[in-house]
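A.B. asks: Could you have a look at this structure, given as structure tokens, before my questions?
The values are calculated or read from the model by the stated rules, or taken from the named source; none is laboratory data. Everything numeric in this text was worked out from a predicted model, so none of it was measured. FYI the Cβ positions are ideal-geometry reconstructions off the backbone, even for glycines, and counts take in every protein chain you see. To get the accessible areas, we keep the full protein, side chains included, count just its heavy atoms, and leave off ligands, DNA and RNA. Shrake-Rupley method; radii C 1.70, N 1.55, O 1.52, S 1.80 Å.
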Amino acid sequence: MNIIQLSKSIYKYEFPAGSVLKDAVRINVWLVLKRTDVYIIDTGFAEMTEELVKYITALGTPKALFVTHGHRDHILGVHQLAHMFDIPAYAHPLEIKQIENAMAPYPTSEDKMSGMFKELTDEIVKEAGLQSFVTPGHSPGHTIFYHMEEQVLMVGDLFTTTDKQLLPPIVRFTPDMTESIDSGAILDEIKPNLISSSHGEDLLYNEELYSQLAYFFRAE
Ligand SMILES: [Zn+2]
Ligand SMILES: [Zn+2]
């Protein structure tokens with residue numbers, strides 16, 4: 001596991017491809033500090049929590065969990081972390097609905113995710129110094145998180161990224177790619193400094209990034 005400090009208050013924990021589960025892609029999760037409170041954005045697989053816990057507690061007091069969406073690779077650690085720290089977990093209501101339905105690529109009933117999540121609100125997100133935006137397509141209630149002060153945008157699976165360009169999310173897990181690419185237009189409204197995705201490299205924003213993605217990947 002690699003730890004990268006993205007800005008004053010934001011840490012990214014990167015689990016390289018294959019480091020936790022043999023076939024898994026690289027998975028990034030984020031910790032956002034607000035004074036001594038720690039907000040956790042996505043958790044990865046349950047196998048990742050043991051290492052994660054050490055760093056969460058070293059940083060401060062765990063306060064709440066937010067998830068970008070309910071796919072397995074983003075939330076399977078929620079069960080353990082929420083219980084261990086006795087903190088609430090929040091997701092967009094459309095994602096909660098999918099999680100309750102328990103159909104792949106969401107966790108199944110064996111993963112015991114039912115009833116784990118409360119509805120994400122602007123108020124709770126604001127307490128963390130963040131703003132959230134709903135960006136459907138990859139999943140119905142996919143949500144991205146922006147740290148206004150430090151201008152870091154955590155995009156989940158809205159994009160995959162290299163250190164130079166934006167790519168679409170993984171096709172196999174994206175029911176509406178056109179909607180997802182359209183949702184990505186929010187990037188040019190936010191104009192962050194740094195973009196950090198769940199399965200790729202971090203990159204600096206520029207005004208060409210989104211138009212290139214839309215040009216190459218948006219189906220007409
Ligand atoms: Zn996903
Ligand atoms: Zn993912």
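A.B. asks: Report yes if Ile181 is part of a helix (DSSP H, G or I), away from ligand 1 (no atom under 13 Å from the Cβ) and modelled with pLDDT of 95 or more, otherwise no.
C.D. replies: So Ile181 passes the test.
A.B. asks: Further question: Of all residues in segment 133-183, how many are acidic (Asp, Glu) and either touching a strand residue (DSSP E or B) at 6+ places or on another chain (Cβ under 7 Å) or under 22 Å from Thr43 (Cα atoms) (or both)?
C.D. replies: Residues meeting the conditions: 3.
A.B. asks: Considering segment 192-213 alone, what residues qualify as being of a type in the set (Ser, Thr, Tyr) and more than 25 Å from Val67 (Cα to Cα)?
C.D. replies: Ser211
A.B. asks: How many of the residues in segment 107-139 are touching a residue at least 24 places away in the same chain (Cβ under 8 Å) and either in a loop (DSSP other than H, G, I, E, B) or within 14 Å of Leu76 (Cα to Cα) (or both)?
C.D. replies: Qualifying residue count for the region: 15.
A.B. asks: Mind checking whether some residue in segment 87-106 is out of contact with any helix residue (DSSP H, G or I) (no Cβ under 8 Å at 6 or more places or on another chain), of a type in the set (A, V, I, L, M, F, W, C), assigned to a loop (DSSP other than H, G, I, E, B) and closer than 25 Å to Pro175 by Cα?
C.D. replies: There is at least one residue in segment 87-106 that is out of contact with any helix residue (DSSP H, G or I) (no Cβ under 8 Å at 6 or more places or on another chain), of a type in the set (A, V, I, L, M, F, W, C), assigned to a loop (DSSP other than H, G, I, E, B) and closer than 25 Å to Pro175 by Cα.
A.B. asks: Checking Asn193 against (1) out of contact with any Ser or Thr (no Cβ under 6 Å at 6 or more places or on another chain); (2) surrounded by 19 or more Cβ atoms within 10 Å (Cβ to Cβ); (3) closer than 27 Å to Pro16 by Cα, only one condition comes out false. Which one?
C.D. replies: Just one mismatch for Asn193, condition (2).
A.B. asks: With the requirement that a residue be under 14 Å from the mean Cα position of the chain (by Cα) and closer than 24 Å to Ile99 by Cβ, what does segment 154-182 give you?
C.D. replies: Met154, Val155, Gly156, Asp157, Leu158, Phe159, Thr160, Pro169, listed by residue number.
A.B. asks: Between a first residue in segment 77-94 that is open to solvent by 60 Å² or more (accessible area, probe 1.4 Å) and a second residue that is at pLDDT below 95 and in a helix (DSSP H, G or I), which pairs have beta carbons less than 7 Å apart while being 6 or more apart in sequence or on different chains?
C.D. replies: So the pair list comes out as Gln80/Ala46; Gln80/Thr49.
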